[in-house]
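The values are calculated or read from the model by the stated rules, or taken from the named source; none is laboratory data. Please read all numbers here as calculations on a predicted model, not as lab measurements. Don't worry about glycine lacking a Cβ; one is built from the backbone with ideal geometry, like all the others, and counts go over all protein chains shown. Accessible surface is based on the protein model in full, side chains and every heavy atom, while ligands, DNA and RNA are left aside. Shrake-Rupley method; radii C 1.70, N 1.55, O 1.52, S 1.80 Å.
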Amino acid sequence: MAPTGDTSIALLGSTGSIGTQTLEVVRAERDRYRIVSLAAWRSVDLLVAQANEFRPDAVAIIDPSLRSEVVARLPDGIEVLAGESALAELPQRADVTVNAVVGFAGLPVTVATLEAGKRLALANKESLIAGGPVVQPLRSTPGAELIPVDSEHCAIHQCLRSGVTDANGCTERVDRLVLTASGGPFRGRTKSDLESVSLQEALNHPTWSMGPKITVDSSTLMNKGLEVIEAHELFGVDYDDIEVVVHPQSIVHSMVDFSDGTTIAQLSMPDMRLPIGYALAYPDRIATAFGRIDWANVGRLDFEAPDTETFPCLGLAYAAGRMGGSAPAWLNAANEVAVQAFLDSKLSWVGIAEVLEECLEQHDGTKATSIEVVVDVDRRSREVATSIVNSRG
Ligand code: MG
C-alpha cells in the first residue's frame with residue numbers, strides 16, 4: 001500500500017544506496033511521508049518496482065532513450081518525465097527533495113530545490129562542494145532549507161543545536177569542528193603496501209555499505225577531504241578550525257568543540273537511515289530508531305590522527321578548499337574522472353592522488369560566478385584529468 005503521510009517527498013536518485021534507504025525510512029514512517037516523485041538515471045527495473053510500491057504522481061528517467069520502456073511498464077496515472085530537465089522540475093512539486101543523485105550531476109537538483117524555497121535533504125555533497133559559490137546565495141531564498149544527509153554533517157548539525165545562536169541564526173562559541181573518518185579499508189597500510197591494491201580491496205569498506213564511487217573515495221580519504229569542504233560550506237567555519245580524526249568504529253559521527261572546552265558528539269551505529277530520517281523530520285525526529293547502540297556491547301572507541309603521507313587526497317582537498325573560487329569544483333571533477341578510471345581498471349589506486357595533484361596544479365584560478373562557469377570548470381577539469389590519465393598509459 002502506498003504511504004499516505006502529509007509531507008510530500010521528491011526522491012531523485014531513487015535507485016542508488018541513499019535512494020533505496022530513503023524508501024526504507026518512508027516505509028517505516030508511512031503515516032508521515034508520501035513519495036510524490038522518483039527519478040533514476042537508467043535503472044528501469046528497480047525504478048518500476050519502486051513506482052509500483054510507492055505510487056508516486058510522477059516518475060522521471062533521466063536517460064531519455066528509456067522513456068518508452070518506462071511508460072510501457074508503469075501503471076496508468078503515473079506521469080513519466082524524461083531527460084535532465086526533470087531534475088529541476090520535480091523539486092518544485094514536493095515539500096522536501098532528497099538529492100541522492102551521484103556526483104556533479106546533482107547540482108541542478110540542489111539549485112532547483114533551494115530556488116523553489118523548499119527543504120533540501122542533501123546527500124549529493126558534490127553539488128555543494130563544486131557549486132558552493134552559486135549555491136550559497138540560494139540558501140537565503142525564503143522557505144529554503146538545506147539539511148545535510150551525510151553522517152558527519154548530520155552529526156555536526158545536531159551538535160551545533162547545543163550551541164548559542166545569534167540574531168542571524170549563526171552559531172557562536174564554536175572553536176572547532178571535528179570530522180571523524182573510518183579510515184577506510186586501507187587504514188594502517190603504508191604507501192608501498194598500496195602500490196598494487198585491487199579494485200575489490202578498495203570496494204571492501206569496513207563499516208559502511210555505500211555505492212562504488214563514494215567507497216573508493218573513502219579508501220583514498222578524498223571522501224573526508226570533500227567532507228571538509230562540505231563542512232566549510234554548510235557551517236561557515238574556517239578550514240583552520242576543521243579537523244579530521246580517524247575513528248575506525250564509525251560510531252562517533254563527528255563532534256563540535258565549544259569555547260569552554262566542551263565537546264559535543266553524536267553517536268549511533270553506522271546507518272544512513274538515521275541521517276535521512278533526521279533531514280526529513282528536523283526539527284522533529286522520526287519515531288523509528290535506526291542505528292541504536294547496544295551500549296553494554298559497544299566495546300572500545302579509538303581515535304588517531306590521519307596518515308596524510310599515505311593518503312595525500314585529504315591534503316589536496318584542504319588545498320583546493322583554501323584556494324576557494326572554482327578550485328573545489330576543479331578538484332571534484334578531476335576526482336570523478338580519476339575514480340572512474342580506477343573503477344575501469346585504467347588507473348591504479350595510488351594513481352588517483354597522483355592524477356589529482358597534477359590536475360590541481362593546472363587550475364587557473366577562475367572565479368565561480370555562475371552555474372554556467374561552474375559547469376564549464378567541471379568540463380575543463382574533466383578534459384585535463386582525462387588527458388593526464390591517458391598520458392600515463
Ligand atoms: Mg560521510
Going from the alpha-carbon gyration tensor of the chain, what semi-axes, largest first and in whole Å, does one get by taking the root of 5 times each eigenvalue?
30, 26, 22
Mean residue ellipticity (222 nm) of the chain, computed from DSSP H runs ≥ 4 via -39,500 (n - 2.57), nearest 500:
-12500 deg cm²/dmol
Taking 8 Å as the Cα distance limit and 6 or more residues as the minimum spacing, I'd like the relative contact order of the chain as a percentage.
14 percent
Would you mind working out the accessible area per residue for region 7-148, using a 1.4 Å probe, and quoting it in Å²?
35 Å²
Taking a straight Cα-to-Cα line shorter than 28 Å from Lys346, and setting aside same-chain lysines fewer than 8 residues away, one finds Lys125, Lys191, Lys213, Lys224
Can you classify region 191-289 as rounded, prolate or oblate using the Cα gyration tensor, where a ≥ b ≥ c are the square roots of its eigenvalues, rounded means a/c under 1.5, and otherwise it's prolate if a/b beats b/c and oblate if not?
oblate
Accessible-area order for Lys191, Lys224, largest to smallest, probe 1.4 angstrom, reads Lys191, Lys224
Please work out how much length the chain gains when fully extended from Arg30 to Asp376, using 0.36 nm per residue of separation minus the C-alpha to C-alpha distance, in nm with one decimal.
120.4 nm
To the nearest 0.05, the calculated FRET efficiency linking Val197 and Thr308 through their beta-carbon distance, R0 being 22 Å, is 0.75
Heavy atoms only, probe 1.4 Å: what % of the accessible area of the chain goes to carbon and sulfur, would you let me know?
48 percent
Compactness check, region 7-148: C-alpha Rg relative to the 2.2 N^0.38 Å globular estimate gives 0.97
Cα-Cα P(r), region 89-234, percent of pairs per 10 Å interval:
11, 36, 32, 17, 5, 0
